[in-house]
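Values in this text are rule-based calculations from the coordinates and carry no lab data. No experiment lies behind these values; they were computed from the predicted model shown. Because the Cβ atoms are built from the backbone with ideal geometry, glycine has one as well, and the counts that use them run over all protein chains shown.
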Amino acid sequence: MHTMNGRPSTRYPLPLRVLHWGLALLLMLQLTLGFAAEYWTTRKTSDVLLALHFRLGMLILGLMLLRLTLRLVSSVPPAEHMSRWRRCIQGSAHSLLYLLVLALPLSGHVIWVWMGADRTLFAGVQVPALFVPPEEETGRALAWYVHVYGAWLLSALVVLHVVAAWHESLQEHAFVARRMGFGRSGLDQSETN
């Protein structure tokens, strides 16, 4: 991945940037729906929100699998401006974010199947039940713990991710715009002039 003058690009490929910001918005909505259904609403409203929460979770799972696939096959800009220990922390944090964004919809699916809830998505498409719930409910309890505590952990990681990106932008002007933005960054403009 290079700029017009042959230097390595500092920007992620467009599909990864679109998925990054799209998933960020969907995850914020999803976390809000989940916490609202669990803590802030009546039972009737909670049931409606949980049905939407399930559908949105399946959409997020599909988009996250697409993002992972693109991330594995795309060349991405190196983080050469960071020290080795910061790159290690960043890589670990991103891996944990990816793991949680996959684990939450999967654990939600387990809970949903165990409840015998409607698995119809948009346009009548059914999410298959990947298992038949046994009488013993240890698996359901485990899925619930993963889902609830994973949501709290994901919320904390998202806040840390935003703070880290903000900190990088303070250290290096337009860092986020240059790496994950959509407009032309100052570096791109200076390279084409």
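A DSSP coil position with no more than 11 other Cβ atoms inside 10 Å describes the following chymotrypsin sites (Phe, Trp or Tyr not before Pro) in the stretch 109-154: 131. Database remark: amide H of residue 129 closer than 5 angstrom to no amide H (H placed geometrically; neighbours at sequence offset of 5 or more, or on other chains; Pro and chain starts carry no H).
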